[in-house]
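Some notes on the structure that comes next.
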Amino acid sequence: MPAIDKYFQTLVETGASDLHLSQGQPPKMRLHGSISPIEETVLDSETLHSMLGEICEKSAFERFLHRGDLDFAYEMDADSRFRCNYLKQSGGLAAVFRLIPTEIASLETLGIPTVVKEFGKMRSGLVLVTGPTGSGKSTTLASLIDYVNTNYSRHIVTVEEPIEFVHNNKKSIITQREVPIQTPTFADGLRAALREDADIVLVGEMRDLETISLALTAAETGLLVFGTLHTNNARKTVERIIDVFPAHQQAQVRTMLAASLKGVVAQLLMKKRDGKGRLPVNEILVSTAAVGAVIREGATQKLYDVIMGGKKEGMQFMDESIWERLRHDEVTPFEAYMKAIDKPRFKSFLPEEQAGLAVASGGVEAVK
């Protein structure tokens, strides 16, 4: 048994989400959003080097030692799979591991608004699931893909780095490709999908001009494209897509995006009131004629009014989702305040002793 498996077993047994290993530090885990040591033993260079090399292909590990970064997936057993990120930092080697559930939860079980299912029924267009690192984007997308797989006959191609959730064919055919093992880049995988008789393409990360440009073209030419971005709300998502392009192309890109964007699902995770787990909160934009007009005009500030008037279509602001969690006593007022954008709306619910703390902290968590 690889030496590192003892830490993975601790994650599985405690329900923790992440393992952090860093040279010169004790091993640590993230449980319900907070990080704490697993044991007091400090990891030295030789021990950590041996642990990391043991669960990784030799060629990949050598590439990591040369380049300083590596992403891959590791399966400890049939029930335990991990997303692995190796890195070099000022103190030496380090790694972060995320436990990937082997069973894919339904959108209902996750607490994702039912309108998100409508995106899985579409035949073409671009759907973006956004949020900071660790906000559950991959889990939500996996549930959406599983919904399509269960209910519709499609060819679904995923391009991921690494492959996290493993999908078995149900009604659909699912082709999963890992960057850089089965395809060199996200852009290469997306370009290839255009020749693979795909109906749906999931792009694990849309982080460069080429990938975003290809995603827009694919959505415009009849594929349904699911992608992720590290943005916190619908307006920033639209702006990020457009701002990636040179100024002289942005008018054309606004026209393309107005035609192809079907929806944005922005997501954050909130700590449960009882401290046992986290809950998603979502901002949702659904494409309408008004949304298209706003994007074409470049007047993204008007999306506020569009979302306000789009409740019948399932649209909602992040703060509305946070408010519902607070109203149902699922989260604490302090957690709601820290995650909210319109903080004054939530400040009156804070106990007096926490109000000063919240103001002093500046609501840092809300803008991570």
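Observations
- Fraction of antiparallel bridges per DSSP, the chain only, in percent to nearest 5: 60 percent
- For M256, M338, the ranking by accessible surface with the largest value first comes to M256, M338, using a 1.4 Å probe.
- Near-label residues of the stretch 1-39 by backbone N, under 19 Å of a point 7 Å along Cα→Cβ of D77: 1-19
- By accessible area, using a 1.4 Å probe on protein heavy atoms only, the chain has 50% of its surface on carbon and sulfur.
- Estimated at 0.36 nm per residue, the fully extended path between Q182 and E324 surpasses their Cα-Cα distance by 46.9 nm.
- Only Cα pairs under 8 Å and 6+ residues apart enter the sum, and on that basis the relative contact order of the stretch 1-146 stands at 18 percent.
- Stretchable slack from A299 to I341, in nm (0.36 nm times residue separation minus alpha-carbon distance): 13.1 nm
- With contacts taken as Cα pairs under 8 Å at a separation of at least 6 residues, the chain carries a relative contact order of 12 percent.
- Computed Rg/Rh of the chain, alpha carbon atoms with Kirkwood Rh: 0.97
- Gaussian network model of the chain, springs between alpha carbon atoms under 10 Å - residue of G136, G68, G120 with greatest fluctuation: G68
- Of K137/K170; K121/K311; K170/K311; K311/K339; K137/K236, pairs whose Cα-Cα distance is over 27 Å: K170/K311
- The label-point distance for H230 and R195, in a model that sets each label 7 Å from Cα toward Cβ, rounds to 3.2 nm.
- In nm, spacing of pseudo-spin labels at H155 and E108 (7 Å Cα→C-beta vector): 3.2 nm
- The alpha-carbon positions of the stretch 1-148 define a convex hull whose volume is 146 Å³ per residue.
- Packing order of peptides 311-318, 324-331, highest average first: 311-318, 324-331 (average count of other Cβ atoms within 10 Å over each peptide's residues).
- Per residue, the chain reaches -10500 deg cm²/dmol at 222 nm when only DSSP H runs of four or more residues are counted, each adding -39500 (n - 2.57).
- Inter-label distance, nm, simple model (7 Å from Cα along the C-beta direction), R273/N168: 3.9 nm
- Per-q log10 I(q)/I(0), the stretch 105-232, q = 0.13 Å⁻¹ (Debye; single scatterer per alpha-carbon; no solvent): -0.46
- Net length gained if the chain between K312 and T288 were fully extended (0.36 nm per residue, minus Cα distance): 7.5 nm
- Amide H to amide H distances under 5 Å link I100 with R81, F82, R83, where only residues 5 or more positions off or on other chains count and H is placed in the peptide plane.
The values are calculated or read from the model by the stated rules, or taken from the named source; none is laboratory data. Everything quoted here is computed from the prediction, not taken from an experiment. Positions of Cβ are backbone-derived with ideal geometry, glycine not excepted, and every protein chain shown enters the neighbour counts. We work out accessible area using only protein heavy atoms, side chains counted, and drop any ligands, DNA or RNA first. Shrake-Rupley method; radii C 1.70, N 1.55, O 1.52, S 1.80 Å.
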